[in-house]
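Encoded as structure tokens, the structure appears first; notes follow it.
The numbers here are math on the coordinates, done by the rules we state, and not lab data. The shown structure was predicted, so the numbers you read here are calculated from the model rather than taken from an experiment. Cβ placement follows ideal geometry from the backbone for every residue including glycine, while neighbour counts extend to all protein chains displayed.
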Amino acid sequence: MRTGPLSGCKIIEIAGLGAGPHAAMMLSDMGAEVICVDRTESAGLGIEVEAKYNLVRRGRRSVAIDLKKPEGRETVLRLIANADALIEGFRPGVMERLGLGPDVCIGMNPRLVYGRMTGWGQDGPCAAKAGHDINYIALTGVLHAIGPQNGRPIPPLNLVGDFGGAAYLAFGIVCGLLAAKRDGVGQVVDGAMVDGAASLLTMVVGFLQAGVWREERGANTFDGGAPFYRTYETADHKYVAVGAIERKFYDPLIARLGLAQDPDMQPQNDRSKWQIQEEKIAATIAKRTRDEWCEIFRDEDVCFTPVLSITEASEHPHIKARKTYATLKGVSHPMPAPRFSRTVPQTPDEPCKPGQYSRAVLADWNFSLREIDSLIKNGAVVQC
């Protein structure tokens with residue numbers, strides 16, 4: 001039995017890309033038993049990166065099934081009949097055409113929480129269109145708000161659409177599981193990246209309507225427009241991050257920088273002075289290396305940190321003390337989050353190859369040895 005707050009939950013993941021696997025990883029990290037249903041044609045043929053580096057596939061077992069074969073479809077339906085939830089990330093209508101839509105699955109398993117991960121959602125004018133993270137956050141106003149003043153919008157990796165959307169889907173599935181436990185009835189969770197991205201923008205939308213946020217990029221407190229909330233280049237061409245929003249942080253910041261007596265540095269929130277303040281802070285910080293500044297501010301509570309690379313981050317004393325990263329069989333992984341005082345999740349298993357556990361999964365889910373052999377013989381199931 002897996003450990004964690006979701007221990008005992010059984011989830012079927014119909015293999016996909018990006019957000020769906022990330023949501024499945026989150027649920028698995030919390031102790032759910034997640035079975036990934038991969039395509040047979042990908043089993044044993046490799047993926048874009050070596051399996052052990054495909055970190056979002058960690059913590060679950062894979063069974064490779066040909067969904068186009070009737071026997072394959074029936075195999076998946078038998079798995080779903082014994083599951084608490086399902087995750088799929090196809091365009092609207094694909095699961096229905098496979099005979100695995102929510103009407104069929106929930107009709108067979110009334111307590112099933114059917115999670116659907118798409119970019120545009122299950123309805124609306126764009127529902128059937130192709131897209132990627134950058135398109136979804138572009139349409140919601142998020143992308144427009146990110147980037148330098150007078151510059152082009154810059155995508156924040158694919159964190160907001162893909163993985164922000166994944167977090168909302170995982171949250172929705174847990175909510176659905178709680179409701180099913182209470183009411184005995186499942187439901188469909190429509191996890192659209194456009195909805196998740198817009199939800200993440202809630203505070204900014206409020207500020208905009210209140211008149212304290214401008215729609216121009218790089219002109220606001222949290223988008224790099226404020227001199228006290230941005231990054232600065234150091235003498236060694238690295239960067240530090242300053243987040244001295246409150247006066248109690250700003251005043252000691254400029255004092256340590258030797259700018260406390262400069263009349264241009266006050267008042268802090270006078271936007272007409274932001275450009276000259278930024279220029280003077282930048283010129284000062286450019287005189288020392290990143291590590292020198294970190295030592296100067298080591299004991300100062302002014303919201304001042306180095307900008308670390310991903311490789312550097314895993315070696316920072318705080319990150320090491322928290323065990324935020326851990327090495328599993330020679331590969332560094334970000335560890336499950338959040339943390340729990342009682343139902344502590346186990347260390348995730350390493351990522352598996354498509355079809356690696358086909359026989360074991362079917363056996364554990366009450367398929368007979370004869371049935372398993374027959375499915376593999378006719379190609380409905382592939383054992384990697």
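Summary table below
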read-out	value
Neighbourhood charge, 15 Å Cβ-Cβ cut-off, centred on CYS126 and excluding it, Lys, Arg +1 and Asp, Glu -1	-2
Which listed pairs, of LYS10/LYS323; LYS69/LYS129; LYS10/LYS329; LYS181/LYS323; LYS52/LYS181; LYS10/LYS353, have C-alpha distances above 31 Å, in listed order	LYS181/LYS323; LYS52/LYS181
Cβ-based exposure ranking for CYS175, CYS303, in which fewest neighbours within 10 Å come first	CYS175, CYS303
With Cα atoms, 0 to 90° folded angle of helix 19-29 axis to the chain main axis	80
Distance between modelled label sites at LYS10 and LEU308, nm, 7 Å Cα→Cβ extension	4.1
Distribution of pairwise C-alpha distances over the chain, 20 Å bins, in %	24, 48, 24, 5, 0
Total formal charge among the other residues, if their Cβ is under 9 angstrom from that of GLU88, Lys/Arg +1 and Asp/Glu -1	0
Order of ILE296, ILE285 - criterion: other Cβ atoms within 10 Å of each residue's Cβ, fewest first	ILE296, ILE285
THR221, THR3, THR234 arranged by Cβ crowding within 10 Å, fewest neighbours leading	THR3, THR221, THR234
Within a Gaussian network of the chain (alpha carbon springs, distance under 10 Å), most fluctuating of VAL104, VAL113, VAL76	VAL104
Extension gain from LEU159 to LYS248, taking 0.36 nm per residue of separation minus the Cα-Cα distance	28.9 nm
All lysines inside 21 Å of LYS248 as judged from Cα atoms, apart from same-chain residues fewer than 8 positions distant	LYS273, LYS280
Per-residue [θ]222 nm for the chain (sum of -39500 (n - 2.57) over DSSP H runs n ≥ 4, rounded to 500)	-9500 deg cm²/dmol
Three-way shape label, the range 197-329, alpha-carbon gyration tensor, a/c 1.5	oblate
